[in-house]
Amino acid sequence: MPNPIAYMMLLIWPIVCLGLFRNLPLQRALIWSILGGYLFLPPLTEFNLPLVPGLDKVSIPNLSVLLIIWLGTQEKLRLWPASRMAGLLVVGFLFSGIPTVLNNGDPILFQSILGFDPVVFPVDALPGLSIRDIGSVLIGQVLVLVPFLLARQFLADEKGLRELLLAFMIGGLIYSVPSLFEVRFSPQLNTWIYGFFQHSFEQMMRNGGFRPIVFLPHALWLALFMCIALVSTVALARQSSVISRWKMMFLAVYLAVVLLLCKSLASMAYALLLVPTVLLLPTRWQIRLAVVFAAVAMIYPMLRNAGLVPLEALVAQAEAISAERANSLSYRFMNEEQLLERAAEKPWFGWGGWGRNLIRDATTGDILSIPDGRWIIVFGSFGWIGYLCEMGLLALPIFLMGLYLYRRGDAALSPWIAPLLLILGITMMDMLLNATLTPLTWLTAGAILGHAEALAGARTGLNIASEVTPPATARRRTVF
């Protein structure tokens, strides 16, 4: 159970956000309010209030920055996307939960004795969803999209894109200190500070040592963040002067060592692919690779659902690398098969919340199947509609930049856009394996979408750029 310090940190974070906005430029304050909350607030801790979703390390920073910018600055919020497709996906994302709630009003009963219908012998049940749950679902979806919509307006210019990369690099350097501590002394910081351990300790042990987790939900999330920090550092190094470039490359080597100590094969593979790509390839090829990532992430679940993915061949490839990794991948695929069968019972709008999408023992209600990939979680909970809207919002900025590249070339593009596209694309790929969708992903996607809309406005002569890019004089505003 979380201790009082955990709840106190959640309570004081809006005050921290207010201090950031009073003392930093708006773009930097926005990024660090959300990034800092993600990195340092306690996981799995929330305030459960009636009729609203739980307030936790994601929703509290998101709500705080929205209210501070809306009520405490002179900025005019223009949150609605200029892209019609983006607007359609936002509507779908926000309101797809309504039919999900309406189609899941029946409770799921677990019976001690089966086969005597219509007489039942219930021992436990998952509650059905009711009309009052619609408000909670809508509020939850709105809070999730806050970083996406704010980044679209305030981080879409070249300075905002660079601020994102710089924040990822600095965040990785700061987080490397507690990470190295846990590599040496075992993952204990969350227990010492917040009074509980957030996951299975066995999963933090790998190859005779420890994987750091610090204050994130899982060690895999930390490893992915270190990969993002490394790619961001390399991107900044490429655009720096000769002297600064060597300093940046030294930091990149340091972050690479930290990533190696995180002992995550997937994140190390991402880094091996992305670091030379960002360092050596021209912008157009980086964007094309990001488009490939997004296309694979969108199409894979459809092929998986149709049984067209060669699972045995993938497991065999993993076994050639490591028997442990092959067993882990095989276990993931087995879970996905069971969860896909469950999701197929309600394919369009899913099973909703309360863990209704999971495979459970019919008599005890014990969970028998654990979802790993974000895609299978969303597919089971909100169906195809929810999945297409969520993944579509993440993939659309990449596809829009790919379309711009096809039509106009890369001569006028910001040097920061391609690395951010690769970061977003590789995160979407990782979401096929893990539930690693974070506020940082939404920040990145929103900034890229705003930049793409600004480029489209400049190309067509529309005044979109003024709506998605804050004026140069608005970098700092008096708060309250």
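Before moving on, here are some points about what is shown:
- Reported to the nearest whole Å, the Cα centre-to-centre distance from region 230-273 to region 175-198 is 23.
- Highest average packing first - 59-66, 439-446, Cβ atoms within 10 Å: 439-446, 59-66
- Answer label, with P(r) over Cα pairs in 10 Å bins from 0, in percent calculated from the coordinates and candidates [x] 4, 19, 26, 22, 15, 8, 4, 2, 0; [y] 4, 14, 18, 19, 17, 14, 9, 4, 1, 0; [z] 4, 18, 30, 29, 14, 4, 1, 0: [z]
- The relative contact order of the chain comes to 23 percent, based on Cα pairs under 8 Å that sit 6 or more residues apart.
- Local electrostatic count, P14, Cβ distance below 13 Å [Lys/Arg +1, Asp/Glu -1]: +2
- Local electrostatic count, V315, Cβ distance below 12 Å [Lys/Arg +1, Asp/Glu -1]: 0
- In the chain, the calculated helix contribution to ellipticity at 222 nm averages -21500 deg cm²/dmol per residue, counting -39,500 (n - 2.57) for every DSSP H run with n ≥ 4.
- Each Lys or Arg adds one and each Asp or Glu takes one away; over the other residues whose Cβ falls under 12 Å from the Cβ of G128, this sums to 0.
- Region 279-319 and region 1-70 have their alpha-carbon centroids 34 Å apart.
- Of the solvent-accessible surface of region 272-417, computed with a 1.4 Å probe and all protein chains present, 64% belongs to carbon and sulfur.
- When each of the peptides 179-187, 71-79, 370-378 is scored by how many other beta carbons lie within 10 Å of its residues on average, the order from highest to lowest is 370-378, 179-187, 71-79.
- Dipole magnitude for the chain: computed about the Cα centre from +1 point charges on Lys and Arg Cβ and -1 point charges on Asp and Glu Cβ, it is near 1960 debye.
- Area of E319 that stays accessible when all protein chains are in place (1.4 Å probe, Å², to 10): 110 Å²
- Between 0 and 90°, nearest 10: helix 311-321 axis offset from the chain longest Cα axis: 60 degrees
- Counted over region 21-100 with a bin width of 5 Å, the fraction of Cα pairs per bin, in whole percents, is 3, 12, 16, 17, 21, 20, 9, 2, 0.
The values are calculated or read from the model by the stated rules, or taken from the named source; none is laboratory data. What you see is a predicted model; the values in this text were computed from it and never measured. Methodologically, a virtual Cβ is constructed for each residue, glycine included, from the backbone with ideal geometry; neighbour enumeration extends over all protein chains shown. In case anyone asks, the SASA skips ligands and DNA or RNA and just uses the protein heavy atoms, side chains included. Shrake-Rupley method; radii C 1.70, N 1.55, O 1.52, S 1.80 Å.
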